[in-house]
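Read the structure below first, then the notes.
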Amino acid sequence: QVQPVESGGGLVQVGGSLRLSCAASRRTITMGWFRQAPGKERVFVATSAWLGGITYSAHYAESVEGRFTISRDGAPNTVYLQMNSLKPEETAVYYCAAGPRGDITHWGTYDYWGQGTQVTVSS
């Protein structure tokens, strides 16, 4: 079992920044972030896979490319999401996920989920 636990959400003004953290109970090759706004489907934000040693990949949704940064900081059981230039439409519950069995951009392929952390961007 892999139990991700998120932290770092909160209230921020438009254009502001937040950093989310997620720690899993054990080493996990691929960890990612999704978000879900009220009444909407859970959508992919970013994912990172351990490639060996201290090397990790990063893959982003087009909507966050250039503003968000996913990192592992060399720790195979943690993942961070630095979010800059936040927009009101990015208000959502952000979820950490691990253990995908297929398409890393689809929420349905992940086996393990955190409880979520609320991010609210005020205008």
From the set of residues in the stretch 72-97 that are in contact with a Phe, Trp or Tyr (Cβ under 9 Å, 6 or more places away or on another chain) and modelled with pLDDT under 95, which is nearest to C22 (Cα to Cα)?
-> R72
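Could you please find all residues in the stretch 57-66 being out of contact with any strand residue (DSSP E or B) (no Cβ under 7 Å at 6 or more places or on another chain) and surrounded by 13 or more Cβ atoms within 10 Å (Cβ to Cβ)?
Within the stretch 57-66, just S63 meets the criteria.
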Starting from the stretch 107-123, keep only residues that are over 13 Å from G9 (Cα atoms) and of a type in the set (D, E), then list their pairs with residues that are open to solvent by 50 Å² or more (accessible area, probe 1.4 Å) and at pLDDT below 95 whose Cβ atoms are within a distance under 9 Å, requiring at least 6 positions of separation or different chains.
-> D111/R101
Taking the stretch 59-99 only, how many residues are of a type outside the set (S, T, Y) and part of a strand (DSSP E or B)?
-> 13
Is one or more of the residues making up the stretch 100-113 more than 14 Å from the chain's Cα centre (by Cα), assigned to a strand (DSSP E or B), modelled with pLDDT under 95 and surrounded by fewer than 20 Cβ atoms within 10 Å (Cβ to Cβ)?
-> yes
Please note which strands (runs of 3 or more DSSP E) are completely contained in the stretch 1-52 and include at least 1 residues that are closer than 19 Å to W113 by Cβ.
-> 5-7, 18-23, 30-36, 43-52
Tabulated pairs, the stretch 19-40, first under 13 Å from Y110 (Cβ atoms) and modelled with pLDDT of 95 or more, second acidic (D, E) and part of a strand (DSSP E or B), C-beta under 9 angstrom, 6+ apart or interchain = C22/E6; W33/E6
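This table checks each residue for (1) surrounded by 15 or more Cβ atoms within 10 Å (Cβ to Cβ); (2) of a type in the set (F, W, Y); (3) touching an Asp or Glu at 6+ places or on another chain (Cβ under 9 Å).
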residue	(1), (2), (3)
G9	yes, no, no
G16	no, no, no
T28	yes, no, no
R35	yes, no, yes
E41	no, no, no
G52	no, no, no
T55	no, no, no
N84	no, no, no
K87	no, no, no
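The values are calculated or read from the model by the stated rules, or taken from the named source; none is laboratory data. A quick note: this is a predicted structure, and the numbers were derived from the prediction, not measured. Using ideal geometry, Cβ is built from the backbone for each residue, glycine included, and neighbour counts are taken over all protein chains shown. Each accessible area value is taken on the protein alone, full model and side chains, heavy atoms only, with ligands, DNA and RNA left out. Shrake-Rupley method; radii C 1.70, N 1.55, O 1.52, S 1.80 Å.
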